[in-house]
Amino acid sequence: MNKRVIAGAMAAMTLGFFACHQAPKDSYTINGDITGLKDSMIYFRTSAGDSMVVDSAKVTAGKFTFTGKAEEPKMASIYLQDRRGGFNLYVENAAISIKGNVDSLSTVRITGSPTQEQWDKFQADLKPLNDQEDTLFQQYQTARMKNDTAAVAAIEKQANDLNDKREAASKKFIQANPKSYISLNLLRSLVYSTEYADLNKMFTGLDTAIQHSATGAKISEQLDKMKATAIGEPAIDFTANDVNGNPVSLSSFKGKYVLVDFWASWCGPCRAENPNVVKAFNKYKDKNFTILGVSLDEDASKWKEAIDHDKLAWTQVSDLKGWKSEPAGKYGVRAIPANFLLDQDGKIIGHNLRGEDLEAKLAEILK
C-alpha cells in the first residue's frame, strides 16, 4: 500500500523545494507532489482523541501541503474528491514528503516518517500473503457467480488459513517491536480474533509510554471489558425485548448450553454466517443447546424480515439501538458477527466460534 525511500539527489531537491514548509518537532508538515493530479482540492482524515480531523488543501500543479499536530503517530488517509482514489500513511510530527502519480496512488513514495518506513517494511514482508489473498478473492467471485458452493467453501478455508498467517506475523512484529506505535495498532486489530489472556500479555509487553498513550488507554479500557467476558468468567446478565416486545433475560437460559449470538440484518458477514449457525442449531438443539440472538438493528421490520428469511428459529432480542445496544456494550462488542458460548452454569466457555469451529466445539461438549 505504501512506499519507499527517495534517492539522495531527489531527496535534496525535495528538501530545497519545500524549505519554507519544514515542520518543527511539535507538528507535522506533509508536502505532496502528485504527477497528473488535476483536482483543485485534496483531502486528509485522521483521528484525534475521540474525534476525527478532516482537512483539505489546495492543489497547485499537483502539489499540496497539510500541517498539524499529532499527539502520537496515527494512521491517516489522503484522498481525492468523492474518494475516487487515495492512500493511507502514518502521520507523526515530522516533515513528510509524498511523491507519486495520480494513476497509481497506491504506490506513492512516502519519506520523513520513521513510523511509515517501519510500516512499509512490514507491508513488504506481507506482500506474498497479500498477493495470495488477491488471487483468492478473484477465485471467490468466480465461484460465487457460478454458485459453486464446494469451491466457495474451499476458498474460504484457504482465506482463513492466510488470515491466521497474517495474525501470526502481526504477533511476531508486536513481540519484536515493543516501542512501536505500529505494534499498538496491530494489537488493536487482533482484538476481535484473540482471547483476552493473549492480548493482555502482548499489551503489557509493550513499552510503558506506548501503553499510556491515547490509543493505549483506549485499548486498556477495552481489555478491561474483555477481561469481564473472558473464557472462564460468568456471563453478564442482560434483558432485552423479543420480536413480540416481551422481555427476555439471559439468566433465564441457565441450565442449558447457550450461544449468545450478536448480529444484525444489515451486516453482510453476519448473514453469510447465519446458515452455519442454523446448521449447528438444528444439529444440537435436542442436546440441551440453544441460541439467544442479539440484534444490533434499529429497524424492527428489517430485523424481523431477516429472521424469517434466514430461518433463525431461536429466541431473538434487540433494544433496537444499533451500536448503542446495551447488551453489546456490556460484552464489549465492537464488531459483528460476535458470539459467546455459555455452559449450563452460565460460564463463558467459547468466544467468536464460527463455521467448523462452532460445530467442533459443540461436538466436544455435547457428546
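The residue of segment 172-186 that is nearest to Ser113 (Cα to Cα), among those that are surrounded by fewer than 18 Cβ atoms within 10 Å (Cβ to Cβ) and touching an Asp or Glu at 6+ places or on another chain (Cβ under 8 Å), is Lys179. Scanning segment 314-348 for residues that are farther than 15 Å from Leu292 by Cβ and of a type outside the set (Asp, Glu) turns up Leu320, Lys321, Gly322, Trp323, Lys324, Gly329, Gly332, Arg334, Ala335, Lys347. When you look at Asn147, is it part of a loop (DSSP other than H, G, I, E, B) and either without any contact (Cβ under 8 Å) to a residue 60 or more places away in the chain or aromatic (Phe, Trp, Tyr) (or both), yes or no? So Asn147 fits the description; yes. Which count do you get for residues in segment 72-106 that are touching a Ser or Thr at 6+ places or on another chain (Cβ under 8 Å) and under 25 Å from Lys218 (Cα atoms)? Here the count works out to 13. Please count how many residues of segment 122-139 are surrounded by 15 or more Cβ atoms within 10 Å (Cβ to Cβ) and free of Cβ contacts under 8 Å to residues at least 40 places away in the same chain. The total comes to 4. Is there a residue being touching a helix residue (DSSP H, G or I) at 6+ places or on another chain (Cβ under 7 Å) and among the hydrophobic types (A, V, I, L, M, F, W, C) anywhere in segment 322-333? No: zero hits.
Residues are listed down the side, and each one gets a yes or a no for (1) more than 25 Å from Ile365 (Cβ to Cβ); (2) assigned by TED's automatic domain parsing to the domain that holds Asp310:
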site	(1), (2)
Leu184	yes, no
Ser189	yes, no
Glu195	no, no
Leu199	no, no
Met202	yes, no
Asp224	yes, no
Gly245	yes, yes
Phe253	no, yes
Lys256	no, yes
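Here Ile30 clears all of (1) at pLDDT 95 or above; (2) surrounded by fewer than 11 Cβ atoms within 10 Å (Cβ to Cβ); (3) not charged (D, E, K, R) except the condition numbered (2).
Matching residues to (1) touching a Lys or Arg at 6+ places or on another chain (Cβ under 8 Å); (2) of a type outside the set (Val, Ile, Thr); (3) farther than 29 Å from Phe122 by Cβ:
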site	(1), (2), (3)
Leu187	no, yes, no
Ala197	no, yes, no
Ser213	no, yes, no
Gly216	no, yes, no
Ile219	yes, no, no
Ile231	no, no, yes
Val248	no, no, yes
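Report every pair of residues separated by at least 6 positions or lying on different chains whose Cβ atoms are under 8 Å apart, first residue within segment 324-344 and closer than 18 Å to Leu190 by Cβ, second among the basic types (Lys, Arg) and part of a helix (DSSP H, G or I). Close Cβ pairs satisfying both conditions: Tyr331/Lys225; Gly332/Lys225.
With respect to the conditions (1) loosely packed, with under 14 Cβ neighbours inside 10 Å; (2) more than 25 Å from Leu366 (Cβ to Cβ); (3) in contact (Cβ under 8 Å) with a residue 12 or more places away in the chain; (4) touching a strand residue (DSSP E or B) at 6+ places or on another chain (Cβ under 6 Å), Ser249 lacks only one, and its number is (2).
The values are calculated or read from the model by the stated rules, or taken from the named source; none is laboratory data. These numbers were taken from a predicted model, which means no experiment stands behind them. No Cβ is skipped: glycine too gets one built from the backbone with ideal geometry, and neighbour counts run over all protein chains shown.
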